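Single-structure report; data block below.
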Amino acid sequence: MNAAVIAGETAEAPIEITPLSAHTGAQIGGVDLTRPLSPGQIRAIRAALLEWRVLFFREQFLSHEQHVAFSAQFGELTVGHPVFGHVDGHPEIYSISKFRKATRFEGQALLRPWTGWHTDVTAAVNPPHASILRGVTIPPFGGDTQWTNLVVAYEKLSAPLRAFVDGLRGVHRFAPPQGASATQSFSKAVDTTTLASEHPLVRVHPDTGERALYVSPGFLKHIVGLAPRESQVLLELLWEHLVRPEFTVRFKWEPGSVAFWDNRTTAHLAPTDIFDLDFDRQLYRTTLVGDVPVGPDGGKSVALEGSPVGVAAATALN
Ligand code: SIN
């Protein structure tokens, strides 16, 4: 496809959709996110999200309140982060600062091509269905974020391997790293909450029926029922596959950029090159309450440890 601008479906306020790669990511124009959207704009953005998996908006200088209001038009918000907390006075906002996790790279023995790739909070039984990240302080170069398309990754597996992974389930786990401390942006210190859930390896999208390879490298620890070596080798094969460049898009942030992704069909990679640069980087994220994943056989995910990721105000302001 050429760098086409496609009119979104709505007579009242057409949005412009510019695809950024063959499979993943589109830039959306013709919309002001600081103001309430029309029903047609919401429909068009929802449809574009289902098609392109991650949407990018430019020059949207949102306050925390406007970020929350924009997000709330697409679902119920979660607390900023179920383990790392939220920005003071803003229970729905999670601060993505450069040094947000003090011990982020300590004890990381081996870097692999998929290191750092993850789908948000898949250790919870109901991972957020979408995430909305806005850029505030952005380095002049470096600090790009990448996303990959888990539906295309599934479809590009061979048929026998698809049939095999269709029947598998995996354990996702997250425990705060030992000695980690929240940055001063957070209103509460990192607690000791461990989240763990068993999810199908292939997730059926509740809106489209598409199958996605649901193998968040950052959180998926082992495949249920396989021997440890079998599990590790199969996971490494799947992880190596899902970060193939042709499934991905790479986004260059500017102040005022917003990225809105479907967390059921994508994984993403936060940048690490920023640690080689002196520039600061500050973004803020909201997430929308998710459903419990369902596999091709109809089997649902189950919680092993921790609570579902719930509503912001109820959990965060007490
Ligand atoms: C995230 O993982 O949600 C943050 C991505 C980024 O820092 O670019």
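Overview of values
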item	result
Filtered residue count, segment 144-153, keeping only those that are surrounded by 24 or more Cβ atoms within 10 Å (Cβ to Cβ) and either within 16 Å of D280 (Cβ to Cβ) or within 12 Å of the ligand (Cβ to nearest atom) (or both)	1
In segment 119-143, the residues that are over 16 Å from the mean Cα position of the chain (by Cα) and within 15 Å of the ligand (Cβ to nearest atom)	V136, T137, I138, P139, F141, G142, G143
So R203, is it crowded, with 19+ Cβ neighbours inside 10 Å and more than 16 Å from the ligand (Cβ to nearest atom)	yes
Lone unmet requirement of (1) within 19 Å of H118 (Cα to Cα); (2) without any contact (Cβ under 8 Å) to a residue 12 or more places away in the chain for R229	(1)
The lone exception for F247 - which of (1) away from the ligand (no atom under 15 Å from the Cβ); (2) in contact with a Gly (Cβ under 7 Å, 6 or more places away or on another chain) it fails	(2)
Hey, E198 closer than 27 Å to L20 by Cα, acidic (D, E), outside any loop (DSSP other than H, G, I, E, B) and touching a residue at least 24 places away in the same chain (Cβ under 8 Å) or not	no
Some residue of segment 213-233 being of a type in the set (V, I, T) and loosely packed, with under 14 Cβ neighbours inside 10 Å	yes
Conditions (1) under 17 Å from H81 (Cα atoms); (2) more than 16 Å from the ligand (Cβ to nearest atom); (3) modelled with pLDDT of 95 or more; number of the one not met by V292	(1)
Residue in segment 257-264 that is of a type in the set (V, I, T), within 16 Å of the ligand (Cβ to nearest atom) and at pLDDT 95 or above present	yes
Evaluation of F70 against (1) within 15 Å of the ligand (Cβ to nearest atom); (2) hydrophobic (A, V, I, L, M, F, W, C); (3) outside any loop (DSSP other than H, G, I, E, B) (one fails), failing number	(1)
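Yes/no matrix, rows are residues, columns are (1) acidic (D, E); (2) more than 23 Å from E254 (Cβ to Cβ); (3) assigned to a loop (DSSP other than H, G, I, E, B); (4) touching a residue at least 40 places away in the same chain (Cβ under 8 Å):
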{"position": "Q27", "(1), (2), (3), (4)": "no, no, no, no"}
{"position": "D32", "(1), (2), (3), (4)": "yes, no, yes, no"}
{"position": "L37", "(1), (2), (3), (4)": "no, no, yes, no"}
{"position": "L49", "(1), (2), (3), (4)": "no, no, no, yes"}
{"position": "L55", "(1), (2), (3), (4)": "no, no, no, yes"}
{"position": "Q60", "(1), (2), (3), (4)": "no, no, yes, yes"}
{"position": "F74", "(1), (2), (3), (4)": "no, no, yes, yes"}
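The values are calculated or read from the model by the stated rules, or taken from the named source; none is laboratory data. Keep in mind it's a predicted model, so treat the numbers as computed, not measured. Heads up, the Cβs are rebuilt from the backbone with ideal geometry, glycines too, and the neighbour counts pull from every protein chain shown.
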